[in-house]
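To keep things clear, I will list the structure first and then write my remarks on it.
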Amino acid sequence: MARRRRAWRGLIPVGEVGTPRQVADVVLWLFSSASSYVNGQVIGVDGGFLAT
């Protein structure tokens, strides 16, 4: 298991696996008025994995 986790970390540009809290922070932002001008977007919460 540890070997697989290290392999995944190597593929993620920020070098770490995200936490549930990090995902929740994005969800909370989306529900807040701070994101009122954002629409029709896919927001990847993946540490840059899909950008590589």
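Give the number of residues within the stretch 30-52 that are without any contact (Cβ under 8 Å) to a residue 12 or more places away in the chain and hydrophobic (A, V, I, L, M, F, W, C). Qualifying residue count, the stretch 30-52: 5. Number of residues in the stretch 41-51 that are modelled with pLDDT of 90 or more and either under 10 Å from Ile12 (Cα atoms) or open to solvent by less than 80 Å² (accessible area, probe 1.4 Å) (or both) equals 7.
Listed by first and then second residue, the pairs with beta-carbon distance under 8 Å, at least 6 apart or on different chains, first residue in the stretch 3-17 and assigned to a helix (DSSP H, G or I), second open to solvent by 100 Å² or more (accessible area, probe 1.4 Å), are Leu11/Thr52. Quick one: in the stretch 4-30, of everything that is of a type outside the set (D, E, K, R) and in contact with a helix residue (DSSP H, G or I) (Cβ under 8 Å, 6 or more places away or on another chain), which residue is least open to solvent (accessible area, probe 1.4 Å)? Going through the qualifying residues, I end up with Ile12.
The values are calculated or read from the model by the stated rules, or taken from the named source; none is laboratory data. Everything numeric here is computed off the predicted structure, so don't read it as measured data. Using ideal geometry, Cβ is built from the backbone for each residue, glycine included, and neighbour counts are taken over all protein chains shown. Heads up: the accessible areas ignore ligands, DNA and RNA and are worked out on the full protein's heavy atoms, side chains in. Shrake-Rupley method; radii C 1.70, N 1.55, O 1.52, S 1.80 Å.
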